[in-house]
Structure formats: C-alpha cells, structure tokens
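Readers should treat all values here as calculations from the given coordinates under stated rules, not as data from a laboratory. Small disclaimer: the values here were computed from a predicted structure and weren't measured. Cβ sites come from the backbone with ideal geometry, for glycine too, and all protein chains shown count toward neighbours.
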Amino acid sequence: MKKLTKTLFFLVVLFGSAKGMAQTTDTVKTHGWMKHKPEGAMQIQVTYRKGDISQLNSALNANGIPSIKQSNIWINASMSHIFNKWMVEDGIGFTPFASSQMDGVKVRYNQYQLFWRMGYNVSTNSDFRLYPFAGVNFSAAMLKVEDKSGIRNTNNFTDELLNSTASKTFWQPNFGIELGAGFDYGIKLKSKKMDCFTVERSIPIGIRAGYYINAYAGDWKIDSYKLQNSPNQKQGAVFVSFNIGLGYKIIK
C-alpha cells in the first residue's frame, strides 16, 4: 500500500501540473502571456474524523482476536487551484496503522482516501478566503491478517518457500460526499521575480469543517472476490481539518 500511496500522490501532482501547463499554453496562444494568472497552493492537512468499526471488532472478537483501536486522524497531501472566486482542492490521505495480536496472529487496520472539493469564496478581503464547499471522497479500509505460525526457523531458501502461512489482506471500498466550509489566511512572503513574470508567494494557514456522508459502504473483499456476511458499517461523521501549505500566484 505504500507503493499505492506514492503512486496516487504522484498522479495527483502530475495531473495538477499538466492541467496548469495546458491552461498556460492555451492562454499564451489565444489571449497573450499569462492572462489567467495561475494561482494555488501545495498543502499538508491533518483531519479528525471519528470512525466506527464496532462490527469489524465484533467479527474479530468472535474469532478470539482482540479489538482494534482505530485512529481517527487522517494525514493528507493536497493541492488547491484558484480561479477567481472559485477554489478546487484535490488530495490523498491515510490513517496510521492500528493493530492487535494473539498467539502468533497479528491484524493491522488502516484507511486510504482520495478526495475532490469545489468551493466559492464569499469574502471580499484579499488577505483571506471564506468558502462553502462540496466534494466527493473515495476511500478503502484495509485489514491485513498475518499468521506466522507455519514459518520454521531454517537457513534453507527452498525449504522456506514451502512453509505455509495464513497471511491475507481484506479491503472494503467506500464512497462519501463532503459538505462544509473552509477558511484560509495567507501569510505573505517575499515575491520572486523572473524575466517575464513575478511569483507572489505565501503560506496559507486554514481550517476546513463539515460533515462526511458515507453514501456507499461496499462488502469486504479479498482481491476482487466479495465476502458474504462481512461487517458493512457506514461511518458518516463530522470532520475538522487543519491546513498549512505553500501558496503561489503568477502575474505578469
């Protein structure tokens, strides 16, 4: 999953960069140099959103595995794109691992998410933005079970290949809708002048608050196979995010 997280982050950054380059090229060809004034920020967000995995813990307890105390903290990397009064924000995030174990069996649980939001700035003050927003959220819960009781202590590679283990990874897809409001205050930094344009830099500090509606909670799966009678608990909840980043605005 570390590779998946890095890949998703790379795609988000690449998509944002490609989109910005395409817009810039188009404006150069049709309207002159930098008429649009690209503006946005790269951000780190820490979000609190309480989850509920009581059904999952009940299934673990029924098999003698202690309950998992899940993390309600999400760590996100995101990008914002400003178009006059409109703001678009996209990003990825994850929760830290939570685990429990007994008799050589260890379980680890965490979640990943990919989100997209659009908001409209209602503030007339250029130093900060205040905007209601709506967005969509795609996430997946991951449960990894490791039973290493079948592994023997051996120095022979061939013998170890034939040892049995009961390690497996379960996952559950989720889809959510986010409704809320955001506030950003920009601490201005020294501008950087280039040959043909100037980059106005800032440190945006902000907060987002709202409600996450878990519109769809899928069945637990192994690979692409659905599992019957699996815990399928929706996790709608209030969320609060604290945000800090590096902002930019390119002007002629």
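Loop-located GluC sites (Glu not before Pro) in region 113-192 (DSSP state other than H, G, I, E, B) with a sparse environment of at most 12 neighbouring Cβ atoms within 10 Å are absent.
Once you list every other residue whose beta carbon is under 11 Å from the beta carbon of GLN113, what net charge do they have if Lys and Arg are +1 and Asp and Glu are -1? Computed value for this residue: 0.
If you take the Cα centroid of region 163-240 and the Cα centroid of region 110-128, the two points sit 12 Å apart. Taking Cβ atoms as reference points and 12 Å as the exclusive limit, the residues near LYS188 contribute a net charge of +1, counting Lys and Arg as +1 and Asp and Glu as -1. Computed over Cα pairs, the Kirkwood radius of region 39-193 leads via Stokes-Einstein (1.567 mPa s, 4 °C) to a diffusion coefficient of 68 µm² per second. Take each peptide in 189-195, 171-177, count the other Cβ atoms within 10 Å of every residue, and average; sorted highest first, the result is 171-177, 189-195. Remark on region 154-236: ratio of C-alpha radius of gyration to 2.2 N^0.38 Å is 2.13.
Normalised by 2.2 N^0.38 Å, with N the number of residues, the alpha-carbon radius of gyration of region 95-179 equals 1.89.
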